[in-house]
Structure formats: structure tokens, C-alpha cells
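**Student:** Please see the structure below; I have some questions.
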Amino acid sequence: MSKSIAIIGAGIAGLSCAAALRDAGHHVVVFDKSRGLGGRLCTRRGPDWQADHGAQYFTARHPDFQRQVLHWLDAGAIAVWQTLPAVLGDSRVPAHDAPLRYVGVPGMSAPAKALATGLEVHTAHTIKALTRETGGWRLASAEHGLLPGLYAQVLVATPSPQAAALLKEACPALSALAAAHSMLPCWTVMAQPAAPASLGFDAAFVNAGPLRWLARNNSKPGRSGLECWVLQANAAWSAEHLEDDADTVAHALLAAFGQLGGPPAAVFSAHRWRYADCNATDTGSAWSSELGIGLCGDWLHGGKVEGAWLSGRHLANQAMERAAK
């Protein structure tokens, strides 16, 4: 029977896992519900503007991830964002001793696309069910029904609530583990001012009011088009207003931006992330050797882009150990 490995989720965790398995000679097939790659590493584009409305940048502290970052730099998939964010609260002071901040070029999904080189990836495939048959696992998607092919292993790289729902029948133990991990929401507004803004900074952490982060997107390397500001609400405010309509949220966050000196917006839109951040553990990944099912994601390895990449590699190592037996 097929020795293929299915990976569900084409964010950094899933693609890191898939790339490690591919490099070791395994046949990997990646599925994702979205039309593109990268998960929260994403960019919204219009006719004359663009905005990174998910992850704003990433850092690299672990030696393994630092080596990966060097590969991306050499390939031109990322660049250093030369900015020192302000910290806004009772006073405006710069953040000191900050690590290098990296961004994808020309958009945040570029490093994910680099990881996916040579992989078989199926987008617009929302995997809804796993069925165990003789010889492996069969997958079904909401868009295409029962999919062809049997998979010796299924590795799930999605936000914890989605993983919990998917594995409820197939692997109750890992479903329960995922259900115990909460994730945090975030409302994001993308705003194009009528005229260029002069705030004295290109990015800022905000410690008061509904906002948590501001960034002038076109200050990042490789960006083009009209000036566009990204405004991200803090998790508590986002949770309180999670079910508000997008227009109401946008006006509230734009008003908060105005109180910080931000200009009125000529054009704006809002995006709701239900699973933007996480209360992460340092488990690495989770694995059922008996069933050949595993979990990876930033929520299992300290959070952030680096944690997602490390978690994917961690799970790939566990899967390869099983495959070798």
C-alpha cells in the first residue's frame, strides 16, 4: 500500500514538516483549506496597495532556525526590516536591545512558498474526516469529498481548535490534547490614509486602549504601492468584539489610531483572525505511534513563526523514526 504521508495545513509548521520529510526521501502530500500558502504569513493586495495583515515579522533565536533564515536570505525570500518600533503608552520610548526582524519579500508568504518548492500541495482542500482502512488512512474534504490515495501517516498542522475537531473520532487522545490549548483572536485593520502620515515611527507596540500594534506596511523592504497602515487590536479587545461586524470594528480601531496621531483613512478594511496567537507549550509536537497521527504547530513549541518551524521539524523526526521501524 501507499507509503505517502499526508500533512494537513500549509502554514510554516506544516511546510517545515513536509520539507524535512521530502529532504529525507519521503513522498509527502500537503492539503490546506486556503487558496494560498503560509497561514498567518499572508499579505492582502489591492490594485495599488498591499498590507501584511497577519504576522508582521519574525525573529530567529534557535541555531537551527537561524540556519534556515540564512537560506531564505540567500534566496531573496526574506529581508531584514530595519526598524526600531516605538512603545506607546503613557509615554513614547523606543524598544531597546531588539533582535533582527525579518519579513518575507515581496510579501510575508515568501518563505512558506520557498519551503513548498518541490512539494505536492493541494489548496482549497478543507479536510473534514479521516478514515482508517487496511493499509492506511483515507481523507475526505469539504470541497471534493473522499480523496484518492491511502496515507501511512497523517500529520496535522492546524490551529489547535481545528485539530481537536478533525481528530475527535480518529484519535481522541490527540483531539483532547489539542482541545486543551486555547488560541487568541486578533482583529486587523488595513488603512490607506488620504495623505502620507508623519508619526515619527514606522511601527509601534501600543500598551493602552484597544490597539496592540501599528505598522506602516510600505516601510518594509520589497513593498510597493500607496502608503498603508496595519492596525492590530490586542487579544482581550478582539475577544470582546469577536462577533462584531467588520465595519464597526474598523471604525473603533481607526478612532484609536487617530488618538495616537494617525491620519484619517481614505480606504480601509478589517480582517478577523479567530486563531491569531496562542498560549504555547514547549512540547515540540505530539505523536501517536500506534495510529501514525501527529500534531505540530506554534502552539506546541513556544509560539511565533520560529516555534512553528521548529515544531514541524520536531514532528518530522518522530514520523521518520516510525517509518524506519
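**Student:** Looking at (1) surrounded by fewer than 20 Cβ atoms within 10 Å (Cβ to Cβ); (2) within 21 Å of the chain's Cα centre (by Cα); (3) not in a loop (DSSP other than H, G, I, E, B), which is the one condition that is false for ALA173?
**Tutor:** (2)
**Student:** Consider the range 12-65. How many of its residues are more than 12 Å from the chain's Cα centre (by Cα), buried (at least 24 other Cβ atoms within 10 Å of the Cβ) and either assigned by TED's automatic domain parsing to the domain that holds ALA79 or of a type in the set (Asp, Glu) (or both)?
**Tutor:** Count: 2.
**Student:** Do we have any residue at all in the range 86-103 that's in a loop (DSSP other than H, G, I, E, B), modelled with pLDDT of 95 or more and within 15 Å of the chain's Cα centre (by Cα)?
**Tutor:** No, there is no match, as no residue in the range 86-103 is in a loop (DSSP other than H, G, I, E, B), modelled with pLDDT of 95 or more and within 15 Å of the chain's Cα centre (by Cα).
**Student:** So which residues in the range 3-29 are assigned to a strand (DSSP E or B) and in contact with a Gly (Cβ under 6 Å, 6 or more places away or on another chain), if there are any at all?
**Tutor:** Pass one, the range 3-29, residues assigned to a strand (DSSP E or B): 5-8, 28-29.
Selection gives ILE7 alone.
**Student:** Would you confirm whether any residue within the range 282-290 is among the β-branched types (Val, Ile, Thr) and touching a residue at least 24 places away in the same chain (Cβ under 8 Å)?
**Tutor:** No, every residue in the range 282-290 fails to be among the β-branched types (Val, Ile, Thr) and touching a residue at least 24 places away in the same chain (Cβ under 8 Å).
**Student:** Would you confirm whether or not the range 266-276 contains a residue that is in contact with a strand residue (DSSP E or B) (Cβ under 6 Å, 6 or more places away or on another chain), in contact (Cβ under 8 Å) with a residue 60 or more places away in the chain and part of a helix (DSSP H, G or I)?
**Tutor:** No, every residue in the range 266-276 fails to be in contact with a strand residue (DSSP E or B) (Cβ under 6 Å, 6 or more places away or on another chain), in contact (Cβ under 8 Å) with a residue 60 or more places away in the chain and part of a helix (DSSP H, G or I).
**Student:** A further question on this structure: Which of the residues that make up the range 140-149 are at pLDDT 95 or above and either buried (at least 24 other Cβ atoms within 10 Å of the Cβ) or part of a loop (DSSP other than H, G, I, E, B) (or both)?
**Tutor:** Passing the criteria: ALA142, GLU143, HIS144, LEU147.
**Student:** Another one. Among the listed residues TRP309, TRP287, which satisfies the condition of being part of a strand (DSSP E or B) and at pLDDT 90 or above?
**Tutor:** TRP287
The values are calculated or read from the model by the stated rules, or taken from the named source; none is laboratory data. Predicted model, so just to flag it, every value in this text is computed and none were measured. So basically every Cβ, Gly included, is an ideal-geometry build from the backbone, and we count neighbours across all protein chains shown.
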